[in-house]
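Undergrad: Just dropping this structure here.
The values are calculated or read from the model by the stated rules, or taken from the named source; none is laboratory data. Just so we're clear, the structure is a prediction, and the values are computed from it rather than from any experiment. We place every Cβ from the backbone using ideal geometry, glycine too, and count neighbours over all the protein chains shown. Areas reflect the complete protein model, heavy atoms only, side chains present, ligands, DNA and RNA absent. Shrake-Rupley method; radii C 1.70, N 1.55, O 1.52, S 1.80 Å.
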Amino acid sequence: MIQFPSDIAVSTPEKMSMAGMFVSYVMERIQEENSFSARLKRADNIATEYQSWELLASFSVDLENDCERIPYCTVGAALARTRPKENGTLPLGTAIAACFREGYQSEQAKVRLRRLLACTSIKESCHILRPLLMLMACRGVTPDFVQLLEQLLEFSGESQVKIRACWAKTFYRQSIDDSDRTTEKVHD
């Protein structure tokens with residue numbers, strides 16, 4: 001049985017996913033309580049992640065299961081660093097490109113994306129995402145944290161290929177959108 005924190009908002013939509021409820025709750029709490037935010041910032045460090053376990057346990061996250069615990073820690077820490085007022089709308093690939101002036105054409109962005117796409121486990125992808133999410137926070141880029149958490153939780157087996165393809169597609173989508181706009185102008 002899922003036991004939500006006693007101070008979680010009761011007005012959550014009925015069809016909101018567990019990831020959505022977690023992100024909403026964390027965003028609300030980090031705005032109100034600095035000590036909560038400070039503890040959660042350490043969640044993506046293996047030596048200090050235990051400070052977030054009370055929160056994770058209240059969302060029925062299996063603390064012994066790395067594939068479940070680590071994505072929540074990674075996203076929770078990123079939320080605490082970013083302190084967004086609302087969830088972002090950028091898919092991960094688009095958010096990576098948005099961190100660089102040249103966007104999807106930036107060599108640094110391409111290298112970071114390729115390294116992320118080379119990941120073969122949830123643990124590895126979260127390890128690679130940590131500095132990317134810090135970069136996004138520094139550059140004022142807010143990804144869709146709910147979507148990211150859901151993708152990380154599903155990052156195994158056949159889903160892994162689909163998720164990596166989604167990240168690549170959203171990264172390079174800018175180039176597709178640009179060529180569509182160019183084509184439209186030519187035909188005018």
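Undergrad: Grab the helices (runs of 4 or more DSSP H) fully contained in the stretch 103-169, keeping just those with 2 or more residues being under 19 Å from Cys73 (Cα atoms).
TA: Numbers: elements: 107-117, 122-139, 145-153.
Answer list for the stretch 103-169: 122-139, 145-153.
Undergrad: Just to be sure before I move on: is Thr82 out of contact with any Lys or Arg (no Cβ under 9 Å at 6 or more places or on another chain) and hydroxyl-bearing (Ser, Thr, Tyr) in the structure I sent?
TA: Values: out of contact with any Lys or Arg (no Cβ under 9 Å at 6 or more places or on another chain): yes; hydroxyl-bearing (Ser, Thr, Tyr): yes.
So Thr82 fits the description; yes.
Undergrad: Looking at the stretch 78-119 only, could you name the residues that are over 26 Å from Ser24 (Cα atoms), modelled with pLDDT under 95 and of a type in the set (Val, Ile, Thr)?
TA: Listed by number, the list is empty, since nothing qualifies.
Undergrad: Which residues, counting only those in the stretch 63-79, are in a helix (DSSP H, G or I) and either of a type outside the set (A, V, I, L, M, F, W, C) or open to solvent by 20 Å² or more (accessible area, probe 1.4 Å) (or both)? Before you say what the answer is, go through the steps one by one.
TA: Residues of the stretch 63-79 in a helix (DSSP H, G or I): 66-79.
Selection gives Asp66, Cys67, Glu68, Arg69, Ile70, Pro71, Tyr72, Thr74, Gly76.
Undergrad: Only one of Ser24, Ser52 is out of contact with any helix residue (DSSP H, G or I) (no Cβ under 7 Å at 6 or more places or on another chain) and either buried (at least 22 other Cβ atoms within 10 Å of the Cβ) or part of a helix (DSSP H, G or I) (or both); which? Outline the logic, then answer.
TA: On the way: Ser52 fails: out of contact with any helix residue (DSSP H, G or I) (no Cβ under 7 Å at 6 or more places or on another chain).
Residue meeting the stated conditions: Ser24.
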